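Quick notes on the structure that follows.
The values are calculated or read from the model by the stated rules, or taken from the named source; none is laboratory data. Keep in mind that this is a model prediction, so the values were computed, not measured. All Cβ positions, glycine included, derive from the backbone under ideal geometry; neighbour counts span all protein chains shown. For accessibility, only protein heavy atoms count, side chains too; no ligands or nucleic acids. Shrake-Rupley method; radii C 1.70, N 1.55, O 1.52, S 1.80 Å.
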Amino acid sequence: MSNRFIGARQTTIAREIEVTGTGVHSGAPVSVILHPAAIDTGLRFLVTKRNRIIAEIPATVEHVKNLTLCTVIGNDDGVTVGTIEHLLSALRGLAVDNCIIEIDSKEVPIMDGSAAPFVDLIDEAGIRELQAPRRYIKVLKPVRVQEGESYGELLPHAGFHVDVEIDFPTPLIGNQRVAFEMSPGVFRHEIAKARTFGFMSDVERLWKAGLALGANLSNTVAIGDDKVMNPEGLRFPQEFVRHKMLDAVGDLALAGKPLLAAFRSVKGGHRLNSLVVQALLADKDAWTVATVPHVRETKHVDMHFAVAAGE
């Protein structure tokens, strides 16, 4: 049994972390430095240009500017940062509350298309507890957003439960659903390695739109007419829906604090995730800020909690 306690105090990373890579949409090189941050800083992007700070953008839903294929936040001066969801997912998934993310480009590097490289770097650096209670957004009543056949909802729950279902008209994906009681161990082992994916039939259209310029088989699961094009195949059964869950964890981080809630998504994506967070925060009767007592983390929480039907 581990002696580690989780949930009671705020955290930050133990030391600076440097990351370099390429933007999946821009194709441009990018450097990121993750800095330890003080109590109640939250997750914030510090945008630099030629070693000069040009913007500080909190990773909160009110700063969302675009949700086309990725999550983009920005300020009123037109400075934006895109593809933030995988990095935010890694930070929130590992229960990092406070971090300054210094970035010299308009897009977080795609790495291998998953959150695993960020998780590995955070694990290597370590996580430090701060002398202040962790504050959660506790959902008090159901909040639901529906668009056609797609919907997302948040329900009262004592922890953080995530249930995601997708349905694509191709036998390579089809209907998939997974559900987990989320913890750092579950996120690390069951979610973090799931990669982003795209259809080969969409490539030309995306390129013409100036998107996916940095996508390749080392950072994207490419779906052809009748097979996955990546020579190594898939990392998980149901890797596609696991990646959608990874995205959801990152998008829900834009609430500004960790959630005490059960999240359910059906045929959703970045837009629906964002709309659910907006709907929650707009209803002052639907949530409150709460702290919770210590919870002992044991080996049990590193195991796969639950996988719903759909395999």
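Kindly provide the set of residues from region 104-143 that are open to solvent by 70 Å² or more (accessible area, probe 1.4 Å), closer than 26 Å to CYS70 by Cβ and either in contact with a helix residue (DSSP H, G or I) (Cβ under 7 Å, 6 or more places away or on another chain) or in a loop (DSSP other than H, G, I, E, B) (or both), ordered by number.
Those that are open to solvent by 70 Å² or more (accessible area, probe 1.4 Å), closer than 26 Å to CYS70 by Cβ and either in contact with a helix residue (DSSP H, G or I) (Cβ under 7 Å, 6 or more places away or on another chain) or in a loop (DSSP other than H, G, I, E, B) (or both): ASP104, LYS106.
If a residue has to be outside any loop (DSSP other than H, G, I, E, B) and among the charged types (D, E, K, R) to count, how many in region 54-103 make the cut? Step through it out loud before you land on a result.
Taking region 54-103 first, the residues outside any loop (DSSP other than H, G, I, E, B) are 54-58, 61-66, 72-74, 80-82, 85-93, 98-103.
Remaining after also requiring among the charged types (D, E, K, R): 56, 62, 65, 85, 92, 102.
Here the count works out to 6.
What are the residues in region 34-54 that are open to solvent by 40 Å² or more (accessible area, probe 1.4 Å) and under 23 Å from VAL249 (Cα atoms), if any?
Result: PRO36, ALA38, ILE39, ASP40, ARG44.
Please tell me if PHE240 is open to solvent by less than 10 Å² (accessible area, probe 1.4 Å), of a type outside the set (D, E, K, R) and at pLDDT 95 or above.
yes
Can you tell me which residues in region 69-89 are surrounded by fewer than 17 Cβ atoms within 10 Å (Cβ to Cβ) and in contact (Cβ under 8 Å) with a residue 12 or more places away in the chain? Even if it seems obvious, please write down each step before you answer.
Let us first name the residues in region 69-89 that are surrounded by fewer than 17 Cβ atoms within 10 Å (Cβ to Cβ), namely 76-78.
Within region 69-89, just ASP77 meets the criteria.
Against the condition out of contact with any Gly (no Cβ under 6 Å at 6 or more places or on another chain) and either crowded, with 20+ Cβ neighbours inside 10 Å or touching a residue at least 12 places away in the same chain (Cβ under 8 Å) (or both), how does VAL249 come out, does it pass?
Numbers: out of contact with any Gly (no Cβ under 6 Å at 6 or more places or on another chain): no; either crowded, with 20+ Cβ neighbours inside 10 Å or touching a residue at least 12 places away in the same chain (Cβ under 8 Å) (or both): yes.
Judged against the criteria, VAL249 is not a match.
Answer yes if at least one residue in region 213-225 is without any contact (Cβ under 8 Å) to a residue 12 or more places away in the chain and open to solvent by 50 Å² or more (accessible area, probe 1.4 Å), and no otherwise. Lay out the reasoning, then the answer.
So in region 213-225, the residues without any contact (Cβ under 8 Å) to a residue 12 or more places away in the chain come out as 216.
The next check asks that each one be open to solvent by 50 Å² or more (accessible area, probe 1.4 Å); those that pass are 216.
Checked against the condition, which is being without any contact (Cβ under 8 Å) to a residue 12 or more places away in the chain and open to solvent by 50 Å² or more (accessible area, probe 1.4 Å), region 213-225 yields at least one hit.
Going through region 193-217 one residue at a time, which ones are closer than 24 Å to PRO171 by Cβ, part of a loop (DSSP other than H, G, I, E, B) and polar (S, T, N, Q)?
THR196
When residues of region 182-208 are filtered for being open to solvent by 50 Å² or more (accessible area, probe 1.4 Å) and of a type in the set (Asp, Glu), how many remain?
1
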